[in-house]
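The next block holds one structure in the form of structure tokens; read it before the comments.
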Amino acid sequence: MAQIDILTRADLKALAVVGGGLEVLDWKLYDTLPVVNAGTQTVFKFFQEAVGPGGVTPETTNMDLPGQLSNGYRFAIESLGIEPILPMTAGVPQLTRVSVQDQMCLVHRGTCILWIGGRDYFRAPVSDLIGGGFQGFAQGDAGAAGAGVVYVAPRNNTRSGHLEYKFVIPSTFQFSVEVDYYAGPPAVSQTVGLRAFLKGKLIRPRQG
């Protein structure tokens, strides 16, 4: 016989969005940076911009303040991830042979570093943090060598940025995720995006 869960008054109080004390929410902090076509930039530092200034939208980041959490907020990091973002033309994603090569280049090179304050708390190859399945078909470029359909091999699903120790970012404390490409700039033929995200628990005061 299936067990029926019953929420007690204490359980409901813990789930309340108003009142005293703190609430703990499943949350993801994310930030996106452009990797410019034929650029020379080799270091990409994430979470340094906030929604609003300079036309930054929630599609790019969900940071309220650049480089830090709001007063009274903390964030317990459970995992860290990096993902490439397809280039867009007139709102249409460009899934072509060269765009796939660009994405593969971005996530199979470089080192990722988690900074909290002035100290590094995690370092790993970017390829260890892409997770998921990098797979699909891309239309080859007309007239190019090997034109036609290109298959992208799946990524290793065992790769993960899961952290055994849950580092907690304090309120109003500077933090960032940095991706370094030491052997020169990534070879991209189009302007593509690179996104970093921190998944974990957001701890903040309840409303009221």
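Can you tell which of 51, 35 is within 16 Å of the chain's Cα centre (by Cα), farther than 23 Å from residue 200 by Cβ and at pLDDT 85 or above? Talk me through it step by step, then tell me what you get.
On the way: 51 fails: farther than 23 Å from residue 200 by Cβ.
Going through 51, 35 in turn, just one is within 16 Å of the chain's Cα centre (by Cα), farther than 23 Å from residue 200 by Cβ and at pLDDT 85 or above: 35.
Just a yes or no: is a residue in region 61-80 under 13 Å from the mean Cα position of the chain (by Cα), in a loop (DSSP other than H, G, I, E, B) and within 14 Å of residue 193 (Cα to Cα)?
There is no residue in region 61-80 that is under 13 Å from the mean Cα position of the chain (by Cα), in a loop (DSSP other than H, G, I, E, B) and within 14 Å of residue 193 (Cα to Cα).
Every residue in region 26-46 that is surrounded by fewer than 17 Cβ atoms within 10 Å (Cβ to Cβ) and closer than 17 Å to residue 105 by Cβ, please.
Within region 26-46, 34, 36, 37, 38, 39, 40, 41, 42, 43 qualify.
Restricting to region 163-187, and then to whatever is out of contact with any Leu (no Cβ under 7 Å at 6 or more places or on another chain) and at pLDDT below 85, can you tell me which residue is farthest from residue 111 (Cα to Cα)?
187
Which count do you get for residues in region 177-208 that are aromatic (Phe, Trp, Tyr) and within 18 Å of the chain's Cα centre (by Cα)? Outline the logic, then answer.
Step one: list which residues in region 177-208 are aromatic (Phe, Trp, Tyr), which gives 181-182, 197.
Checking the rest, the ones that are also within 18 Å of the chain's Cα centre (by Cα) come to 181, 197.
The qualifying residues number 2.
Restricting to region 188-204, and then to whatever is crowded, with 17+ Cβ neighbours inside 10 Å and in a loop (DSSP other than H, G, I, E, B), can you tell me which residue is modelled with the lowest pLDDT?
190
Among the residues of region 6-14, is any on the phi < 0 side of the Ramachandran plot and either at pLDDT 95 or above or touching a Pro at 6+ places or on another chain (Cβ under 9 Å) (or both)?
Among the residues of region 6-14, not one is on the phi < 0 side of the Ramachandran plot and either at pLDDT 95 or above or touching a Pro at 6+ places or on another chain (Cβ under 9 Å) (or both), which makes the answer no.
The values are calculated or read from the model by the stated rules, or taken from the named source; none is laboratory data. In this text, all values refer to a predicted model and were calculated from it rather than measured experimentally. Here the Cβ is made from the backbone with ideal geometry for all residues, glycine too, and neighbour counts use every protein chain on show.
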